[in-house]
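Chemist: Here you go, one structure.
Only the coordinates and a few stated rules stand behind these numbers; no lab work does. For clarity, every value in this text was computed on a predicted model and none was experimentally measured.
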Amino acid sequence: MASPWGSSRDMIVSTTPTVEGRPAKEYLGVVTGEVIVGANLFRDIFASITDLVGGRSGKYEEVLARARKEAIEEMTEEARRLGGNAVIGVDIDYEVLGQNGSMLMVSVSGTAVRLSD
């Protein structure tokens with residue numbers, strides 16, 4: 001079963017508390033991943049919002065997608081180190097940090113598990 005998040009290799013990542021047809025054999029603990037987009041990049045994004053089309057900014061969405069992917073990769077690597085083959089109950093949060101909202105943090109968390117075959 002492929003991960004809905006892309007290149008997490010053989011790791012299943014799910015926002016649901018279970019994976020249908022594959023009960024958890026072992027719960028290995030909470031795993032997390034965090035990525036902070038720095039002030040310069042975040043400011044550059046806002047400066048380039050002139051490319052808005054239909055109220056959306058392609059550059060901004062690209063940065064968010066990349067940060068989310070990196071945070072998920074960090075989380076799945078931690079799960080892999082614990083011996084897991086899946087992360088369930090995944091939560092993704094976005095937080096604006098710093099004075100004047102100059103940074104953005106993407107954090108993900110979930111429970112690393114070893115699923116039955």
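Chemist: Using the Karplus equation 6.51 cos²θ - 1.76 cosθ + 1.60 (θ = phi - 60°), what ³J(HN,Hα) coupling, rounded to whole Hz, does each residue of segment 91-100 give in order, writing x for Gly and Pro?
Modeler: Values per residue, Gly and Pro as x: 10, 10, 10, 10, 9, 8, 10, x, 5, 6 Hz.
Chemist: Oh, and also: Whose amide H sits under 5 Å from the amide H of L115, counting only residues 5 or more places off or on another chain, with H placed in the peptide plane?
Modeler: K25, N85, A86
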